[in-house]
Amino acid sequence: MKRLIAPSLLAANFNNLAADIEMINHSDADWIHCDIMDGVFVPNISFGIPVVEHISRIAAKPLDVHLMISDPDRFIVPFARAGASNLTVHWETCPHLHRTIGLIKDQGITASICLNPHTPVHLLEHMLPDLHMVLLMSVNPGFGGQKFIEETLVKVEILHEMILRKNPACLIEVDGGVNFETGRRLFDAGAHVLVVGSFVFTSENPAETISLLKKI
């Protein structure tokens, strides 16, 4: 089973963002995770299209762009053009989800859906054949450094069984409260991709932490 690590730039040093991106470039990380927040859907504001475009110029890893924003359809084309390799939208913000996923795929990139902690995974059953990945939030979105929500492990197990029936190529990604202990449990439950922020960027040796996470 795949074990991928996607460091989240939300926890990086924005005074020297290029240095942290270069660290990821030379690490064993698989993707670079970009959290886009609008202060409306989630209670925080991060960065937008121009920053993603600059990140893409120096990133050697695919950009995994997570749109934690209201009305994401308006921004799919701009973020795809800015360099996103994958775009993730929230089930909670898309009244016409099938159309939104189709719009992302029309840009020649992969499409994924995110579920907040309170949203049950069975709601995605009929969308799974169209998806590259499902992202499960294991904290309430908006801020890094939060405590891992234990119920996420049950959601991963249920989703893993659904994916085996509907689309075995679909990946499970988890974001929030990931460390060596929770990461191991998530991989054991069936997750494929771990988004890791504070745990990596506050460690003494971020590149080594990334390598160790892939081996847990």
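Where a number appears in this text, it was derived from the coordinates with a stated rule and is not lab data. Remember, it's a predicted structure, so these values are computed and weren't measured experimentally. Cβ placement follows ideal geometry from the backbone for every residue including glycine, while neighbour counts extend to all protein chains displayed.
Taken over the chain, lysine pairs spaced eight or more positions apart, or on distinct chains, with alpha carbons under 19 Å apart number 9. Could you tell me the center-to-center distance, by alpha carbons, between region 20-40 and region 169-211 in angstrom? That distance is 13 Å. Membrane-span-like helices of the chain, defined as complete DSSP H segments with a Cα extent of 24 Å or more along the helix axis and a mean Kyte hydropathy of at least 0.5, are absent. Derived value for region 4-215: Kirkwood hydrodynamic radius 16.9 Å. Basis is the mean of 1/r over every pair of different alpha-carbon atoms.
Find me the longest stretch of the chain that has none of the exposed GluC sites (Glu not before Pro), where exposed means in a DSSP loop (not H, G, I, E or B) with at most 13 other Cβ atoms within 10 Å. If you can, show how the numbers build up before the last one.
Values: sites that count: Glu125, Glu150, Glu204.
Value returned for the longest uninterrupted segment is 1-124.
Extension gain, Asn13 to Glu53, is 12.6 nm, computed as 0.36 nm per intervening residue step minus the present C-alpha separation.
Extension gain for the segment Leu164 to Leu123, taken as residue separation times 0.36 nm less the Cα-Cα distance, is 13.2 nm to one decimal.
List the trypsin sites (Lys or Arg not before Pro) within region 64-167 that fall in a DSSP loop (any state other than H, G, I, E or B) and whose Cβ has at most 11 other Cβ atoms within 10 Å.
On the way: sites: Arg74, Arg81, Arg99, Lys105, Lys147, Lys155, Arg165, Lys166; in loops: Lys147.
Within region 64-167, the qualifying trypsin sites (Lys or Arg not before Pro) (loop, at most 11 other Cβ atoms within 10 Å) are Lys147.
Length available on full extension from Glu22 to Ile216: 0.36 nm per residue minus the Cα-Cα distance, which gives 67.5 nm.
I want the antiparallel fraction of DSSP beta bridges within the chain, as a percent rounded to 5.
Numbers: 1 of 33 bridges.
Given both bridge residues lie in the chain, the antiparallel proportion sits at roughly 5 percent.
First select every other residue whose beta carbon is under 11 angstrom from the beta carbon of Asn44; then total the charges, Lys and Arg +1, Asp and Glu -1.
Details: positive: none; negative: Asp35, Asp38.
Result for the local shell: -2.
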